[in-house]
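See structure below.
The values are calculated or read from the model by the stated rules, or taken from the named source; none is laboratory data. Just so we're clear, the structure is a prediction, and the values are computed from it rather than from any experiment. Here the Cβ positions follow ideal geometry from the backbone for every residue, glycine too, while neighbour counts run over all protein chains shown. Keep in mind that these areas ignore ligands, DNA and RNA; they rest on the heavy atoms of the full protein, side chains included. Shrake-Rupley method; radii C 1.70, N 1.55, O 1.52, S 1.80 Å.
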Amino acid sequence: MGTAFEASLFDELVTVRRDLHQHPELSWDEVRTAERVCAFLDRYGVSYRNAIGRTGVIAEIPGATDAPFVALRADMDALPITEETGLPFASIHDGRMHACGHDAHTSMLLGAAALLVRERNLPAPVRLIFQPAEEVGEGAQEMIRNGALTDVAMIFGGHVDRHFTTGKIAVTDGPVNASTDSFRITIHGEGAHAARPHEGIDAVVVGTLIVSAIQTIVSREVNPAHPSVVTIGRFDAGTAPNVIAGTAVLEGTVRAQEADVRNHLIASVDRMALAAGHLHGAHVTFEVLSSTPPVSNPVDVADIARVAAKEIAGDDNVCPMEIANMGAEDFGNYMQLVPGCYVRFGSRVAGKEGYPAHSSRFDVDEDVLRIGAAYYHAVARHAGAVVAPRAGVE
Ligand code: NI
């Protein structure tokens, strides 16, 4: 291990993580969470601004004054899930749970703050971004609007991952998270009596046709070597068994790792939905509701992350992700503006399969707090050395 990590700090990170875990807050409601973040920063003498983008916190640790910032980011929000882990520090709130490990992300970034604030000669200043509302894909944009990336040269983030045992860090060149675009299809048919279908235009029939048709986009239109997903998650229509539905609303999401695939998926859903409407004389509209860009690590920044990861985890414990992750991550919003790298922190206890993220039984191996904090500390130093102007070099 390249960084001395004393037991007392680790204990403190576990305490913070368990406290956040027990009191999860949903996107944009991270008020108590932000208070706990600020209390920790106060204890370590780290300066910060709070209430950024409503519930965000931005802390800064000084470094060489002529260098731009290295940014480190953690997300803080929980999910609308009722916890079933049976942990002694399980959520006290029904319908709210840290089921994606953002409690661990927040705690490990606090650990990094504690390690970084002791440094007297950081090559570049470090900005720590404690971001709200990742799960709804809005927090990163709001933090950016509030200056999170001002004077930032590079940004680093990561996620706990049960596909890797604790102690491993996955650093990948290229795509690590998919783009996501949620969409809504509205079908305007003509309501009628269920016994007289010829007098109406059945929005349910048009809707089912659309659901079936768009299943062929991934299987027939996209190169199978390029991962993509089209899902309808909501189909809302009808009021009674003996009434033909005049309208139907379908909502879904498309995921892709490349821009051209992403554009193709959206265009094809639109085309097929409108065509199904034409087929039956229904009026169909298509709209994209919200979008998150893909996350793709540039090789030169991934190289910096790899050096830091190897220093902390050892050469044998740093590997790339081998399977495409089609999950969304609003870290992509930052990386559209500054270069960065998004890694995965192994958090599975060896020999235990664990439960997937967003499951009511999800948990992390708390040793990941030590690994994550030490990694962020290391990557801030290594990236700082790259972004800082080199004195005396012509
Ligand atoms: Ni997450």
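List the relative contact order of the stretch 179-292 as a percent without decimals, with contacts defined as Cα pairs under 8 Å and 6+ residues apart.
Details: 246 pairs, mean separation 49.0, N = 114.
Here the relative contact order equals 43 percent.
Solvent-accessible surface of the chain, taken per residue with a 1.4 Å probe and all protein chains present: 42 Å². Evaluated at q = 0.12, 0.13, 0.15, 0.16 Å⁻¹, a Debye calculation over the C-alpha positions of the stretch 1-139 (equal weights, vacuum) places log10 I(q)/I(0) at -0.47, -0.55, -0.72, -0.81. For the pair Arg32 and Thr216, label points projected 7 Å from Cα toward Cβ lie 5.2 nm apart. Full extension of the segment from Val349 to Glu84, taken as 0.36 nm per residue of separation minus the current Cα-Cα distance, would add 93.5 nm. A full extension of the chain between Phe10 and Arg271 corresponds to an added length of 88.6 nm, given 0.36 nm per residue minus the alpha carbon distance. Within the shell of other residues whose beta carbon sits under 14 angstrom from the beta carbon of Thr33, the net charge comes to -4, with Lys and Arg scored +1 and Asp and Glu -1. On the principal axes of its alpha carbon atoms, the chain extends 81, 54, 42 Å, with the longest extent given first. Residue by residue, the stretch 328-337 carries 3J(HN,Hα) couplings of 9, 7, 6, 4, x, 5, 5, 6, 6, 10 Hz when phi is fed to the Karplus relation 6.51 cos²θ - 1.76 cosθ + 1.60 (θ = phi - 60°); x denotes Gly or Pro. Counting protein heavy atoms only, the chain has 51 percent of its accessible area on carbon and sulfur, 1.4 angstrom probe.
Protection proxy ranking of 98-105, 227-234, by the mean of other Cβ atoms within 10 Å over each peptide's residues and highest first, is 98-105, 227-234. Taking amide H positions as modeled 1.01 Å from N, with prolines and chain starts lacking one, the residues under 5 Å from Met154 and 5 or more places away or on another chain are Ala71.
Taking the mean number of other Cβ atoms within 10 Å as a proxy for protection, how do you rank 57-70, 350-363 from highest to lowest? Mind showing how you got there, number by number?
Details: 57-70: 20.0, 350-363: 14.3.
Top to bottom by mean Cβ count within 10 Å: 57-70, 350-363.
Two numbers describe the Cα atoms of the stretch 179-292: Rg and Dmax, which are 15.0, 48 Å.
With both bridge residues required to lie in the chain, what share of the DSSP beta bridges run antiparallel, to the nearest 5%? Could the numbers behind the result be given before it?
Numbers: 46 of 67 bridges.
Within the chain, antiparallel bridges account for around 70 percent of the total.
With a Förster radius of 41 Å applied to the beta-carbon distance between Asp367 and Ser47, the computed FRET efficiency rounds to 0.90. Put a plus charge on the Cβ of each Lys and Arg, a minus charge on the Cβ of each Asp and Glu, and nothing anywhere else: the dipole of the chain about its Cα centre is then about 200 debye. Residues of the stretch 272-308 with amide nitrogen under 15 Å from the 7 Å Cα-to-Cβ point of His198? No residue qualifies, since no backbone N sits under 15 Å from the label point.
Considering only alpha-carbon pairs that sit under 8 angstrom and 6 or more positions apart, the relative contact order computed for the stretch 1-74 is 19 percent. Centre-to-centre separation between the Cα atoms of the stretch 201-227 and those of the stretch 294-340: 33 Å.
Over the chain, calculate the relative contact order: mean separation of alpha carbon pairs under 8 Å at least 6 apart, over the residue count, as a percent.
Working: 935 pairs, mean separation 98.1, N = 394.
Relative contact order, the chain: 25 percent.
Report the convex hull volume per residue for the stretch 120-198, counting only C-alpha atoms, in Å³.
Numbers: hull volume 19.5 nm³, N = 79.
Each residue corresponds to 247 Å³ of Cα convex hull volume.
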